[in-house]
Amino acid sequence: ATFGDQEVIRGEGGETHQVAGGDVPVLTTQQGIPVSDDQNSLRIGYRGPTALEDFHFREKIFHFDHERIPERVVHARGFGVHGYFETTDSLSDITRADLFQRAGEKTPVFVRFSTVAGNKGSPDLARDVRGFAVKFYTQEGNWDLVGNNIPVFFIQDAIKFPDLIHAAKQEPDRGFPQAQTAHDNFWDFISLSPESMHMALWIMSDRTIPRSFRFMEGFGVHTFRFVNAEGKSTFVKFHWKPKLGMQSVVWNEALKINGADPDFHRRDLWNAIQAGDYPEWELGVQLFDQDFAEKFDFDVIDSTKLIPEELVPVRIVGRMVLDRTVDNFFAETEQVAFCTQNIVPGIDFTNDPLLQGRNFSYLDTQLKRLGSPNFTYLPINAPKRPVNHFQQDGHMAMVNPKGRANYEPNSWGGAAGGPREAPDIGFKSYPAEEQGAKLRIRAETFSDHYSQARQFYISQTPVEQTHIADAFIFELSKVKTPAIRSRMVSHLMNVDDELADKVITGLRLEQKPKPADAARPTRKDLPA
Ligand code: HEM
């Protein structure tokens with residue numbers, strides 16, 4: 001018999017055997033041994049026990065048993081696709097980063113969009129921030145711009161990240177909710193963290209229920225540095241602007257879509273790319289220098305603040321087109337490892353305490369998630385330029401140094417001596433001046449938590465403002481502890497009276513709380 005163009009033989013128990021031949025390759029074990037029968041384990045007699053020597057059976061089950069790796073501790077649910085970035089406007093006067101030198105130059109990219117709080121199997125349309133992580137495979141190594149679809153963040157210091165995420169994910173004693181912000185622990189933490197008010201306004205806006213990944217903006221969030229060939233530094237904020245414009249669903253639609261199609265966002269992107277309808281974003285930069293930075297009321301290294309576009313317009317310098325779905329979801333989307341510390345010559349960090357913490361966290365978690373310090377050799381993570389170094393061994397070592405030299409300096413000249421330093425073209429950190437006492441205290445410049453929240457709210461259209469108020473009412477109505485609701489409202493009173501009144505009415509609060517204490521701390525306790 002045949003099935004499609006495949007010859008089918010029935011076994012003695014009626015089971016289906018499909019046989020290799022012609023173009024159809026031979027099934028083998030991992031050791032390359034040809035397999036004669038993949039339908040029956042090796043048994044003693046027709047109805048006897050399975051023989052321990054059945055290496056094919058044991059290898060197959062052993063490998064299956066180990067298929068799962070830990071999901072990402074955050075951003076577990078994601079969808080990755082390939083594409084390219086094209087520089088449209090050379091930035092050679094501002095940065096020596098190779099990918100920004102020549103207009104028209106294309107750099108391959110891999111992009112993973114994600115939700116933050118939900119587990120790997122959670123629905124796509126949860127109200128949540130979306131990750132927007134881009135790996136640029138540049139000619140001078142990989143640069144990862146690990147951003148979100150919102151330009152600011154919840155916290156100012158990375159030491160609060162475990163608390164934020166613990167509070168946002170399932171409550172530990174009950175294992176729910178899976179993928180929603182609507183619960184006591186989350187709002188308890190937010191209401192006790194005034195620094196999160198700006199972000200709280202953004203997450204209650206329509207931005208957290210996007211119509212599709214294709215209709216979202218992206219942001220690098222932190223202030224980074226560009227450094228040019230002369231060593232001059234310019235601060236930069238990165239923006240992705242979708243060519244299709246921004247669109248969101250409304251909450252009522254989000255709830256229905258989650259039920260009808262929890263894969264709504266990944267299906268949308270996959271369908272669009274398969275149909276040749278390639279989504280495109282412009283890359284924009286906001287550029288400013290130290291003198292300009294000092295004129296702002298807030299600190300440019302505080303990730304709860306944005307740089308108003310009226311003050312520093314976004315300059316478009318490139319475009320990104322996503323035109324290829326993955327061949328294998330696990331190999332690419334699951335095994336990709338983005339990391340904020342992956343930067344290239346011409347780009348550098350600032351002292352943003354959130355960025356400094358992220359630089360430790362990603363590599364550390366990926367060692368656990370991917371299981372070996374050699375995950376950089378996985379094709380999705382490997383740079384597309386030659387890689388030469390003396391690192392060796394470890395689990396799954398795939399490319400050890402060739403020959404005698406596995407250290408330097410060494411006396412073995414030429415190729416035998418291995419790779420050498422490149423003082424002219426190699427990465428050099430920007431020599432920022434640093435000094436000061438060791439302190440566990442936030443700068444006063446980080447202390448205004450309400451002004452930008454207010455600016456965001458009043459920049460919204462009346463319909464969008466209604467959605468924000470409705471979202472607060474919905475979310476806080478799920479909070480069982482009255483004190484947490486009131487505390488949240490006490491912050492909203494510092495943001496906008498009308499918004500606070502709407503929420504008070506919506507929640508039927510009997511007593512109007514007092515506004516939260518918005519006084520800025522003084523520096524009198526600090527050492528001189
Ligand atoms: C993962 C963005 C803050 C730790 C991610 C991902 C994105 C992202 C997009 C998913 C990467 C992927 O698709 O594989 C951001 C942004 C932040 C932020 C924009 C703030 C501006 C932090 C902080 C920490 C942190 C403060 C810790 C101190 C992690 C970890 C992962 C992750 C551990 C999982 C990485 C992995 O398993 O591969 N983040 N994040 N993030 N983030 Fe963040």
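The values are calculated or read from the model by the stated rules, or taken from the named source; none is laboratory data. If you're wondering where the values come from, they're calculated on a predicted model, not measured in any experiment. Heads up, the Cβs are rebuilt from the backbone with ideal geometry, glycines too, and the neighbour counts pull from every protein chain shown.
For region 321-340, the set of residues classified as within 28 Å of Gly357 (Cα to Cα), outside any helix (DSSP H, G or I) and either touching a residue at least 60 places away in the same chain (Cβ under 8 Å) or among the basic types (Lys, Arg) (or both) consists of Val336, Phe338, Cys339, Thr340, listed by residue number. Can you find a residue in region 240-263 that is within 30 Å of Asp299 (Cα to Cα), surrounded by 14 or more Cβ atoms within 10 Å (Cβ to Cβ) and of a type in the set (Lys, Arg)? For region 240-263, residues within 30 Å of Asp299 (Cα to Cα), surrounded by 14 or more Cβ atoms within 10 Å (Cβ to Cβ) and of a type in the set (Lys, Arg): present. Counting the residues of region 406-439 that are under 36 Å from the mean Cα position of the chain (by Cα) and on the phi > 0 side of the Ramachandran plot gives 2. Selection over region 152-175 of residues that are within 13 Å of the ligand (Cβ to nearest atom) and part of a loop (DSSP other than H, G, I, E, B) gives a count of 7.
Quick check on region 216-234: of everything there that is of a type in the set (A, V, I, L, M, F, W, C) and closer than 26 Å to Ile203 by Cβ, which residue is nearest to the ligand (Cβ to nearest atom)? Within region 216-234, the match that is nearest to the ligand (Cβ to nearest atom) is Val221. Check off (1) crowded, with 19+ Cβ neighbours inside 10 Å; (2) of a type in the set (D, E, K, R); (3) closer than 30 Å to Ile33 by Cα for Arg77 and give me the number that stays unchecked. With respect to (1) crowded, with 19+ Cβ neighbours inside 10 Å; (2) of a type in the set (D, E, K, R); (3) closer than 30 Å to Ile33 by Cα, Arg77 is out only on (3). State whether the residues of region 187-202 include one that is of a type in the set (Ser, Thr, Tyr) and within 27 Å of Gly318 (Cβ to Cβ). Within region 187-202, none of the residues are of a type in the set (Ser, Thr, Tyr) and within 27 Å of Gly318 (Cβ to Cβ).
Regarding Phe360, is this residue at pLDDT 95 or above and part of a loop (DSSP other than H, G, I, E, B)?
So Phe360 fails the test.
What are the pairs, 6+ residues apart or on separate chains, where a residue within region 72-86 that is more than 23 Å from Leu283 (Cα to Cα) has its Cβ under 7 Å from a residue that is of a type outside the set (Val, Ile, Thr) and within 12 Å of the ligand (Cβ to nearest atom)? What qualifies is Arg72/Arg369; Ala76/Lys120; Arg77/Ser114; Arg77/Lys120.
For region 361-372, taking the residues that are near the ligand (Cβ under 9 Å from one of its atoms) and either polar (S, T, N, Q) or touching a residue at least 40 places away in the same chain (Cβ under 8 Å) (or both), the one that is surrounded by the fewest Cβ atoms within 10 Å (Cβ to Cβ) is identified as Lys368. If you go through region 120-141 and pick out every residue that is surrounded by fewer than 22 Cβ atoms within 10 Å (Cβ to Cβ) and within 13 Å of the ligand (Cβ to nearest atom), you end up with 1. Considering each residue of region 61-76 in turn, none proves to be touching a strand residue (DSSP E or B) at 6+ places or on another chain (Cβ under 9 Å) and outside any loop (DSSP other than H, G, I, E, B).
When each of Phe375, Phe338, Phe390, Phe349 is tested for being more than 12 Å from the ligand (Cβ to nearest atom) and within 19 Å of the chain's Cα centre (by Cα), the lone residue that passes is Phe349.
Against the conditions (1) more than 24 Å from Val495 (Cβ to Cβ); (2) of a type in the set (A, V, I, L, M, F, W, C); (3) away from the ligand (no atom under 13 Å from the Cβ); (4) at pLDDT 95 or above, Ala179 satisfies every one except (4). Can you confirm whether Leu91 is among the hydrophobic types (A, V, I, L, M, F, W, C), touching a helix residue (DSSP H, G or I) at 6+ places or on another chain (Cβ under 6 Å), farther than 18 Å from Phe219 by Cα and crowded, with 22+ Cβ neighbours inside 10 Å? So Leu91 passes the test. Please go through region 192-243 and pick out each residue that is in contact (Cβ under 8 Å) with a residue 40 or more places away in the chain, farther than 26 Å from Glu294 by Cα and touching a Pro at 6+ places or on another chain (Cβ under 6 Å). Correct list: Arg214, Met216. Among the residues making up region 363-406, those that are touching a Leu at 6+ places or on another chain (Cβ under 8 Å) and assigned to a loop (DSSP other than H, G, I, E, B) are Pro373, Leu378.
State the number of residues belonging to region 130-152 that are within 17 Å of Leu354 (Cα to Cα) and of a type in the set (Val, Ile, Thr). Adding up the residues that qualify gives 3. Any chance region 250-272 includes a residue that's touching a Gly at 6+ places or on another chain (Cβ under 9 Å) and part of a helix (DSSP H, G or I)? Yes, that holds for at least one residue.
For Glu294, the conditions (1) acidic (Asp, Glu); (2) closer than 30 Å to Glu67 by Cβ; (3) surrounded by fewer than 16 Cβ atoms within 10 Å (Cβ to Cβ) all hold with the exception of (2). Those helices (runs of 4 or more DSSP H) of region 412-528 in which 3 or more residues are in contact with a Ser or Thr (Cβ under 7 Å, 6 or more places away or on another chain) occupy 462-477, 482-495.
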